[in-house]
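Asks: Mind having a look at this structure? Questions to follow.
The values are calculated or read from the model by the stated rules, or taken from the named source; none is laboratory data. None of the values given here were measured: they were computed from a predicted structure. Here Cβ is always computed from backbone atoms with ideal geometry, including for glycine, and neighbour counts include all displayed protein chains.
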Amino acid sequence: MKKSLVLILALTLVLAFTACGDSDAKSEGVMTHAEYTAAALESEVVIEAYVQAHQSWWDNTIKVYAQDKDGAYFLYNMSCSEEDSKKLTPGTKIKVTGHKTEWSGEVEIIDATFEIMSGNYIAKATDVTSLLGKDDLIKHQNEFVSFKGMTVETYEKDGVSYDCAFVYNDDNSGDHDSNSDLYFNVSVNGQTYTFCVESYLCDNTTDVYKAVENLKVGDVVDLEGFLYWYNGANPHITSVTVK
């Protein structure tokens, strides 16, 4: 008799969970990440994902780094009131309707609107160090990722050495303020890559901004950030740990 009651209770809980729905399941008419990836550029897309971070709100728009358990999305200048921007805390689930497009290799969603859904998810950083310089790296575009054991190099661009570990605004020219991005070069396995601290994501009051300003050539660092793309991998770094 007791076993029967236990089985009935277990079945009731399963049915209740099913009725409420799996928070990871897509709503009707919503694309999986694979379907989004396969969708043609300039086509309308509908996705559900979880906010991981966003850049500063401006002029009723916001840029959001979003991810689900299968992949990531960059929502460019999504329509958003200042009041609603405060609701887009990390982990918040949103349903987004917009158009898929590409700019300098960065695949993103534009003309987007959103609604907040029930559910919460924070992605762990995926270590993609071994994929640097390989074609498979782009499969992780916009994901929260990590890079391990990177060596800080003298910043160089277009054959010009700036004799420092980082520059403001990609060229170190003119004045800089909290709106200045930071660029720095790091290497692994003999190859050098340029990473960025996007100031609208992490301004000069943040730990990561200050950490990059204190980098020295030769430092070995572990990094985390979002795998943004600009004519190749151009990660937006959110954490720097000097080893």
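Asks: Which of the residues that make up the stretch 77-133 are touching a residue at least 40 places away in the same chain (Cβ under 8 Å) and β-branched (V, I, T)?
Replies: Within the stretch 77-133, T92, I94, V96, T97, T101, V107, I109, I122, V128, T129 meet the criteria.
Asks: Go through the stretch 26-36 and report how many residues are within 21 Å of the chain's Cα centre (by Cα) and either part of a loop (DSSP other than H, G, I, E, B) or more than 24 Å from N120 (Cβ to Cβ) (or both).
Replies: 4
Asks: Select from the stretch 45-62 the residues that are of a type outside the set (D, E, K, R) and assigned to a strand (DSSP E or B) and list them in ascending order.
Replies: Selection gives V45, V46, I47, A49, Y50, V51, Q52, A53, H54, W58, T61, I62.
Asks: Of everything in the stretch 120-129, what is over 15 Å from P235 (Cβ atoms) and not in a strand (DSSP E or B)? Give them in sequence order.
Replies: Y121, I122, K124
Asks: If you don't mind, there's one more thing I want to ask. In the set E213, E198, which member is crowded, with 17+ Cβ neighbours inside 10 Å and of a type outside the set (A, V, I, L, M)?
Replies: Details: E213 fails: crowded, with 17+ Cβ neighbours inside 10 Å.
Answer to the check: E198.
Asks: Turning to a different aspect of this structure: Does M117 count as more than 19 Å from the chain's Cα centre (by Cα), within 18 Å of H236 (Cα to Cα) and either in the same structural domain as Y50 (by TED's automatic domain parsing) or modelled with pLDDT of 95 or more (or both)? Spell out how you get there, then give the answer.
Replies: On the way: more than 19 Å from the chain's Cα centre (by Cα): yes; within 18 Å of H236 (Cα to Cα): no; either in the same structural domain as Y50 (by TED's automatic domain parsing) or modelled with pLDDT of 95 or more (or both): yes.
Spelling it out, it is not the case that M117 is more than 19 Å from the chain's Cα centre (by Cα), within 18 Å of H236 (Cα to Cα) and either in the same structural domain as Y50 (by TED's automatic domain parsing) or modelled with pLDDT of 95 or more (or both).
Asks: Quick one: is L131 over 16 Å from the mean Cα position of the chain (by Cα) and under 24 Å from F184 (Cβ atoms)?
Replies: Values: over 16 Å from the mean Cα position of the chain (by Cα): yes; under 24 Å from F184 (Cβ atoms): yes.
For L131, the condition - over 16 Å from the mean Cα position of the chain (by Cα) and under 24 Å from F184 (Cβ atoms) - is met.
Asks: Right, next: Suppose we filter the stretch 211-232 for residues that are of a type in the set (A, V, I, L, M, F, W, C) and closer than 19 Å to A66 by Cβ; how many remain?
Replies: Of the residues in the stretch 211-232, the ones of a type in the set (A, V, I, L, M, F, W, C) are 211-212, 215, 217, 220-221, 223, 226-227, 229.
Within this subset, residues satisfying the condition of being closer than 19 Å to A66 by Cβ are 226-227, 229.
Looking only at that region, the number is 3.
Asks: Out of the residues in the stretch 84-106 that are surrounded by 13 or more Cβ atoms within 10 Å (Cβ to Cβ) and of a type in the set (D, E), state the one that is nearest to the chain's Cα centre (by Cα).
Replies: Among them, the one singled out is E106.
Asks: Only strands (runs of 3 or more DSSP E) wholly contained in the stretch 137-243 count here; list those with 2 or more residues that are at pLDDT below 95 and out of contact with any Pro (no Cβ under 8 Å at 6 or more places or on another chain).
Replies: 166-168
Asks: Any residue at all in the stretch 55-66 that is over 25 Å from T192 (Cα atoms), touching a Gly at 6+ places or on another chain (Cβ under 6 Å) and among the charged types (D, E, K, R)?
Replies: Checking the stretch 55-66: not a single residue is over 25 Å from T192 (Cα atoms), touching a Gly at 6+ places or on another chain (Cβ under 6 Å) and among the charged types (D, E, K, R).
Asks: Out of curiosity, is I116 loosely packed, with under 15 Cβ neighbours inside 10 Å, of a type in the set (A, V, I, L, M) and not in a strand (DSSP E or B)?
Replies: no
Asks: Only one of (1) closer than 27 Å to A49 by Cα; (2) surrounded by 17 or more Cβ atoms within 10 Å (Cβ to Cβ); (3) aromatic (F, W, Y) is not met by Y193, so which one is it?
Replies: Status for Y193: all satisfied but (1).
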